[in-house]
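Presented below is the structure to which this report refers.
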Amino acid sequence: MTDWMGDDGDGIPTRKKRSSSFHQQLESIYGPGQVESLEVGRPELLIDVRYIGATRIFPTTKQLVVDRFREHGIHAQWLDYPQRYNRRVLAETYGRSVEDMLLRSGSVYSNEIEEFLKNTALQLFVVPGTSVDPDQRKRVYSRWLDRLGVGIDGYVNGFSAGNRAVVANRHDRFEEARLVLHELTHLVLPHDTDPENTGVMGTGDELDLLDAEWERLRANLANVRDTTGYDFALRPCLVREYLLRSLE
C-alpha cells in the first residue's frame with residue numbers, strides 16, 4: 001500500500017503513528033487530555049472540530065459520532081480545537097460563505113489549519129449560520145450551490161468538501177447529530193435516494209449508516225489526505241452530485 005494512503009488505509013503513515021513527535025504535535029494543539037495514542041494496524045480517524053462565535057456541539061453528539069465509528073472498526077477521536085474564532089473578525093477577514101470557509105484560495109481552511117493536520121485529520125467547522133426560512137433553522141450560504149439551484153437560494157444546512165466540512169449550529173440534539181454524522185461521512189459517501197436507506201445518507205430517520213456504507217467508508221479513510229489543496233474536486237460524491245450538474 002502506498003505511503004500516502006497509510007499502511008492501514010487511513011491516510012496516516014505508520015511512521016507517523018509510531019512517532020512521538022507527531023503525538024506531541026497533536027497534544028500541543030488539543031491538549032494531552034484529548035489525544036489518544038495512534039495504533040499501527042488500526043484504522044484511525046482524527047476529527048478536528050473548530051467553533052466560530054458562540055457555537056457548540058452537544059456532548060451526546062460527540063459521543064454518538066465516536067461510538068458509531070468505533071463500532072464499525074474506525075478508531076475515531078473527536079478533537080475540539082481549544083481556541084474559538086471570533087465571528088466578526090473571521091467574516092471580515094474571509095467572508096461567510098462555504099467557499100470562503102472551505103474552498104477558495106485564501107479560505108479559512110487554507111490559512112487557519114495547520115499544514116500537517118490537512119493531511120491527517122478531517123476538519124469540521126461549526127458556524128452560527130443564518131435563518132432564511134420560516135422554521136428558523138440555521139443555514140450556511142454557498143455561491144456555487146446558489147447557481148446550481150441547491151438549497152434555499154444557495155443556503156444549506158451544511159457542506160462537505162471531502163476532508164473538510166462546515167455545519168450550521170443546531171439546537172435540536174437529533175438534528176445536530178444527524179447533520180454532523182452526515183457531513184463527516186461525506187468524506188467518502190454520497191447521498192442515497194433509496195427510500196429503504198434510513199441512515200444519515202438516506203432518509204435520515206436513523207443515526208447510522210448501512211453496513212455497506214460503513215465498509216466503503218472504512219476502505220477510503222485516506223481521503224483525509226489533501227496533497228494539492230484542491231483534492232476535494234476529485235471526490236466521487238462531489239463530482240457526481242455537483243460538478244457534473246454544473247456542466248449540464
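The values are calculated or read from the model by the stated rules, or taken from the named source; none is laboratory data. Just so it is clear, the model here is predicted, and its values are computed rather than measured. Positions of Cβ are backbone-derived with ideal geometry, glycine not excepted, and every protein chain shown enters the neighbour counts. Surface areas here come from the heavy atoms of the whole protein model, side chains and all, with no ligands, DNA or RNA. Shrake-Rupley method; radii C 1.70, N 1.55, O 1.52, S 1.80 Å.
Restricting to region 108-138, count the residues that are open to solvent by less than 10 Å² (accessible area, probe 1.4 Å) and either of a type in the set (Gly, Ala, Ser) or free of Cβ contacts under 8 Å to residues at least 40 places away in the same chain (or both).
2
Based on this model, can you work out whether residue 241 counts as of a type in the set (Asp, Glu), open to solvent by 10 Å² or more (accessible area, probe 1.4 Å) and either at pLDDT 95 or above or more than 25 Å from residue 100 (Cα to Cα) (or both)?
no
Can you name every residue in region 26-59 that is open to solvent by 50 Å² or more (accessible area, probe 1.4 Å), touching a residue at least 24 places away in the same chain (Cβ under 8 Å), of a type outside the set (D, E, K, R) and closer than 25 Å to residue 180 by Cβ?
The answer is 34, 54.
Spot the failing condition for residue 35; the list is (1) in contact with a helix residue (DSSP H, G or I) (Cβ under 6 Å, 6 or more places away or on another chain); (2) within 30 Å of residue 144 (Cα to Cα); (3) of a type in the set (A, V, I, L, M, F, W, C), and only one is missed.
Of the numbered conditions (1) in contact with a helix residue (DSSP H, G or I) (Cβ under 6 Å, 6 or more places away or on another chain); (2) within 30 Å of residue 144 (Cα to Cα); (3) of a type in the set (A, V, I, L, M, F, W, C), the odd one out for residue 35 is (2).
Quick one: in region 165-188, which of the residues that are acidic (Asp, Glu) and more than 14 Å from the chain's Cα centre (by Cα) is nearest to residue 124 (Cα to Cα)?
175
Return the residue satisfying two criteria in turn: it lies in region 82-104 and is without any contact (Cβ under 8 Å) to a residue 12 or more places away in the chain and outside any helix (DSSP H, G or I), and of such residues it is surrounded by the fewest Cβ atoms within 10 Å (Cβ to Cβ). Break it down into steps so the answer makes sense when it comes.
As a first pass, look at region 82-104 and keep what is without any contact (Cβ under 8 Å) to a residue 12 or more places away in the chain: 83, 88-89, 91-93, 95, 100, 104.
Narrowing further to those that are outside any helix (DSSP H, G or I): 83, 95, 104.
Values: 83: 8, 95: 17, 104: 16.
Per the stated criteria, the residue is 83.
Scan region 64-78 for residues that are in contact (Cβ under 8 Å) with a residue 12 or more places away in the chain and not hydrophobic (A, V, I, L, M, F, W, C) and jot them down.
Correct list: 68, 72, 73, 75, 77.
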